[in-house]
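We did not get these values from a lab; they are worked out from the coordinates using the rules stated. It should be emphasised that the depicted structure is a prediction, and the values quoted were computed from it without experimental measurement. Positions of Cβ are generated from backbone atoms using ideal geometry, with glycine treated the same way; all protein chains shown enter the neighbour counts.
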Amino acid sequence: MAANGQRTSLQLYRDCLRLVRHIAPGNSPKGFALRSMVQTEFGKNRDEKDEAKLEFMKTAAIRGLSNYMLYESGTKDKKLGKAMNKFNDESKKDIDKKVEK
């Protein structure tokens, strides 16, 4: 296990593959595409040695996993889902205002 509770790249890779199994169980086309994407992204950066880049990529992977877990919670918890939709709508309005300027 990594120090300070940080996930290693291998642990993140396995977490991502587990999430794919959760999202698209079995051998569905969606599951195949997601597994392929995870394998490609991790494979692309397999030889990366720059610690700053590795940390950035790990953070992005953790953020993606966290976002999915939050999304799933929002679909099951009506109060949380309503709050997420409100936040999303307000964010879209802010973006639209910036684009109009």
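Rundown of residues vs (1) in contact with a helix residue (DSSP H, G or I) (Cβ under 8 Å, 6 or more places away or on another chain); (2) charged (D, E, K, R), yes/no style:
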position	(1), (2)
Gln6	yes, no
Arg35	yes, yes
Glu55	no, yes
Glu72	no, yes
Completion exercise
Filtering segment 7-42 down to residues that are touching a Leu at 6+ places or on another chain (Cβ under 8 Å) and among the charged types (D, E, K, R) yields Asp15, Arg35
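Tell me the residue from Lys79, Lys58, Lys98 that is surrounded by fewer than 10 Cβ atoms within 10 Å (Cβ to Cβ) and closer than 24 Å to His22 by Cα, please.
Working: Lys58 fails: surrounded by fewer than 10 Cβ atoms within 10 Å (Cβ to Cβ); Lys98 fails: closer than 24 Å to His22 by Cα.
Only one candidate qualifies: Lys79.
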Practice task
Check whether at least one residue in segment 19-32 is touching a residue at least 24 places away in the same chain (Cβ under 8 Å) and touching a Cys at 6+ places or on another chain (Cβ under 8 Å), and report yes or no.
Solution key: no
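Residues of segment 85-101 being in a helix (DSSP H, G or I) and either more than 21 Å from Glu72 (Cβ to Cβ) or aliphatic (A, V, I, L, M) (or both), which ones? Reasoning before the result, please.
Restricting attention to segment 85-101, the residues satisfying the condition of being in a helix (DSSP H, G or I) are 85-100.
Once the filter is applied, which keeps residues that are in a helix (DSSP H, G or I) and either more than 21 Å from Glu72 (Cβ to Cβ) or aliphatic (A, V, I, L, M) (or both), segment 85-101 yields Glu90, Lys92, Lys93, Asp94, Ile95, Asp96, Lys97, Lys98, Val99, Glu100.
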